[in-house]
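> Structure in structure tokens, see below.
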Amino acid sequence: MKKVHIKSFGCQMNVYDGQRMADILGEQGFEETASPEGADLILLNTCHIRERAVQKVYTELGKLRDIKNAQKAEGQETRIVVAGCVAQAEGAEIQRRQPAVDLVVGPQAYHRLPELLAEAASKRVVDTDLPIEDKFGFLPAPRPQAIRARGVSAFVTVQEGCDKFCAFCVVPYTRGAEFSRPVAQVLAEVERLAESGVRDVTLIGQNVNAYHGEGPDGSVWSLARLMHRVAEVPGIARIRYTTSHPRDMDDGLVAAHRDLPQVMPFLHLPVQAGSDRILAAMNRKHTADEYRRLIDRIRQARPDIALSSDFIVGFPGETDAEFEDTIRLVDEIGFASSYSFKYSPRPGTPAADLRAQVPREIMDERLYRLQERIEHHRQAFNTAMIGREVEVLLERAGRYPGQLAGKSPYLQAVQIESETNRIGEIVRVVIERTSTNSLFGRPLPHQDGARKGMAA
Ligand code: SAM
Ligand code: SF4
């Protein structure tokens with residue numbers, strides 16, 4: 001069999017796309033390999049969200065060119081493919097900067113990989129079309145063996161693209177307009193995953209709670225309605241969804257956190273900043289107080305919910321006082337975890353042209369302070385778990401022999417000691433201690449409900 005090495009950068013959607021590309025290439029006789037050395041095909045699935053992510057791609061391509069040349073000297077042909085959002089944004093520029101690249105394929109064109117690879121045998125090829133056709137309709141279903149190798153937790157893309165046009169963000173340009181997969185297609189995929197042992201699905205999309213897929217009855221289904229249906233799929237014990245926009249958290253979705261035991265009490269709901277002037281300049285379409293009131297409603301529906309967010313520091317024109325508004329919001333909400341970034345100007349986005357760019361040293365200081373507060377709340381949340389009982393979905397072997405690792409309902413990594421392989425089981429655990437990145441728990445005596453995978 002020919003070998004393909006796939007490396008994905010960036011968000012969960014890229015992880016999902018990487019798996020789907022592996023499925024397509026599997027049908028073409030390729031098997032995946034963990035290392036680029038020895039591979040016949042090397043595919044970089046790239047991220048364009050911040051400048052650093054783009055630089056990483058070019059650094060990586062330099063190393064791959066060396067591997068390609070070394071393998072050529074040994075008589076092995078190696079082809080290099082650049083996929084993902086850098087491919088979409090930079091197109092032929094990638095091959096100009098790195099001539100070793102054979103094919104550039106955007107995120108909405110990868111279902112055509114087999115034809116494009118055939119074309120790329122004789123010339124350099126770039127395909128960055130954003131076609132109207134539904135790429136998902138052309139993808140082969142993942143094989144049971146591939147599903148099992150990927151584990152008991154899986155991502156399912158239900159929505160792609162974005163129409164929000166936040167002033168800092170490239171996504172609407174690299175992923176295109178908002179698109180929702182039809183309900184039947186999503187359900188078929190979830191059922192297939194569940195049949196091969198998947199217990200936990202995360203429905204993903206750049207703006208997943210804007211989901212408005214066509215239902216089997218021809219009407220438009222919301223994300224909440226879709227989740228009610230996914231909850232009925234036998235074997236699916238846990239449902240998560242990400243990433244959501246505060247403006248699209250409708251009443252039905254908030255109620256799903258109360259009504260569906262399979263919906264896990266964890267929500268990633270990016271707010272980006274705590275100042276109304278900055279939120280307006282970012283074109284986020286909500287204020288900090290609207291976000292606070294939304295969190296109150298979600299907490300009423302599901303009091304134990306753990307929240308996380310994304311933050312950008314140093315958006316053009318952000319003053320010290322406006323940054324303090326972000327710190328205040330972080331301290332008020334008490335997020336269980338969060339991602340935070342220095343603003344990175346992206347070519348073609350409105351914010352990149354703003355004159356009042358914040359100096360790098362100030363961004364560094366702000367990021368440091370923000371991350372200190374985020375970490376403080378994360379540790380407080382984790383420490384408060386000591387002595388509590390939680391249900392843990394065991395996903396894989398732990399770091400040391402005799403250990404298994406899994407996830408709490410709140411998406412925390414939990415390690416337990418176990419003599420037997422219990423991967424795929426949901427076990428009741430009492431948390432005994434924490435380390436920087438994990439909780440450590442003791443499994444409680446076997447309980448029927450837990451074994452059958454009842455949600456927390
Ligand atoms: N759709 C999601 C939302 O509305 O929040 C986020 C999508 S984006 C892939 C993930 C995160 O990257 C954003 O929430 C934002 O915090 C960050 N990000 C996006 N563009 C950025 C930029 N130009 N500079 C720094 N961070 C950025
Ligand atoms: Fe980017 Fe999210 Fe804003 Fe869409 S909603 S433009 S993906 S940050």
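> If a residue must be within 12 Å of ligand 1 (Cβ to nearest atom) and open to solvent by 70 Å² or more (accessible area, probe 1.4 Å), how many such residues does segment 323-341 contain?
Residues flagged as within 12 Å of ligand 1 (Cβ to nearest atom) and open to solvent by 70 Å² or more (accessible area, probe 1.4 Å) within segment 323-341 amount to 1.
> Taking the residues in segment 138-170 that are small (G, A, S) and more than 16 Å from ligand 1 (Cβ to nearest atom) as candidates, determine which candidate is nearest to K407 (Cα to Cα).
Per the stated criteria, the residue is S153.
> So A70 clears everything in (1) touching a residue at least 24 places away in the same chain (Cβ under 8 Å); (2) more than 21 Å from the chain's Cα centre (by Cα) except one condition, right? Which one?
The failed condition is (1).
> If I filter segment 90-127 down to residues being among the small types (G, A, S) and closer than 17 Å to A53 by Cα, which single residue comes out as surrounded by the fewest Cβ atoms within 10 Å (Cβ to Cβ)?
The extreme case among them is G91.
To keep it simple, each residue is scored yes or no on (1) closer than 29 Å to T174 by Cα; (2) open to solvent by 20 Å² or more (accessible area, probe 1.4 Å).
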| position | (1), (2) |
| --- | --- |
| E318 | yes, no |
| A321 | no, yes |
| Y343 | yes, no |
| A352 | yes, yes |
| R355 | yes, yes |
| Q371 | yes, yes |
| T383 | no, yes |
| R396 | no, yes |
| G406 | no, no |
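> Among the residues in segment 281-302, are any surrounded by 15 or more Cβ atoms within 10 Å (Cβ to Cβ), within 12 Å of ligand 1 (Cβ to nearest atom), more than 25 Å from the chain's Cα centre (by Cα) and more than 29 Å from R433 (Cα to Cα)?
No, segment 281-302 has no match at all.
> Now a separate question. Give the residue that is nearest to G137 (Cα to Cα), with candidates limited to residues of segment 176-225 that are within 16 Å of ligand 1 (Cβ to nearest atom), part of a strand (DSSP E or B) and open to solvent by less than 50 Å² (accessible area, probe 1.4 Å).
S180
> Can you find a residue that is of a type in the set (G, A, S) and within 16 Å of ligand 2 (Cβ to nearest atom) anywhere in segment 130-142?
No, there is no match, as no residue in segment 130-142 is of a type in the set (G, A, S) and within 16 Å of ligand 2 (Cβ to nearest atom).
> With respect to A87, determine if the residue is small (G, A, S), modelled with pLDDT of 95 or more and open to solvent by less than 50 Å² (accessible area, probe 1.4 Å).
Considered against the rule, which asks whether it is small (G, A, S), modelled with pLDDT of 95 or more and open to solvent by less than 50 Å² (accessible area, probe 1.4 Å), A87 comes out as yes.
> Which residue, of Y173, Y241, is within 16 Å of ligand 1 (Cβ to nearest atom), more than 30 Å from G406 (Cβ to Cβ), outside any loop (DSSP other than H, G, I, E, B) and among the hydroxyl-bearing types (S, T, Y)? Lay out the reasoning, then the answer.
On the way: Y241 fails: more than 30 Å from G406 (Cβ to Cβ).
Criteria check complete, one pass: Y173.
> Another question about this same structure. Cβ contacts < 7 Å: first residue in contact (Cβ under 8 Å) with a residue 40 or more places away in the chain and open to solvent by less than 10 Å² (accessible area, probe 1.4 Å), restricted to segment 1-24; second residue in a helix (DSSP H, G or I) and within 14 Å of ligand 1 (Cβ to nearest atom), any location; separation 6+ or different chain. Result?
none
> Can I ask one more? Inside segment 29-53, can you point out the residues that are closer than 30 Å to F341 by Cα and open to solvent by 60 Å² or more (accessible area, probe 1.4 Å)?
A34, R50, E51, R52
> Additional query: State which residue is least open to solvent (accessible area, probe 1.4 Å) when the search covers only segment 148-169 and only residues that are more than 16 Å from ligand 2 (Cβ to nearest atom) and in contact with a strand residue (DSSP E or B) (Cβ under 7 Å, 6 or more places away or on another chain).
The extreme case among them is V156.
> Checking the conditions here, which among I426, I386 is hydrophobic (A, V, I, L, M, F, W, C) and in contact with a helix residue (DSSP H, G or I) (Cβ under 7 Å, 6 or more places away or on another chain)?
I426
> Tell me, which residue of segment 260-278 that is over 29 Å from R229 (Cβ atoms) and away from ligand 1 (no atom under 16 Å from the Cβ) is most open to solvent (accessible area, probe 1.4 Å)?
The qualifying residue most open to solvent (accessible area, probe 1.4 Å) is R277.
Here's the yes/no breakdown for (1) at pLDDT below 95; (2) closer than 21 Å to S153 by Cβ:
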position	(1), (2)
R388	no, no
P401	yes, no
Q415	no, yes
R428	no, yes
T436	yes, no
Q447	yes, no
A450	yes, yes
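The values are calculated or read from the model by the stated rules, or taken from the named source; none is laboratory data. Because the structure is predicted, anything quoted here is derived from the model rather than measured. Backbone-built Cβ (ideal geometry, glycine too); neighbour counts: all protein chains shown. Remember, those area values only see protein heavy atoms, side chains included, never the ligands or the DNA or RNA. Shrake-Rupley method; radii C 1.70, N 1.55, O 1.52, S 1.80 Å.
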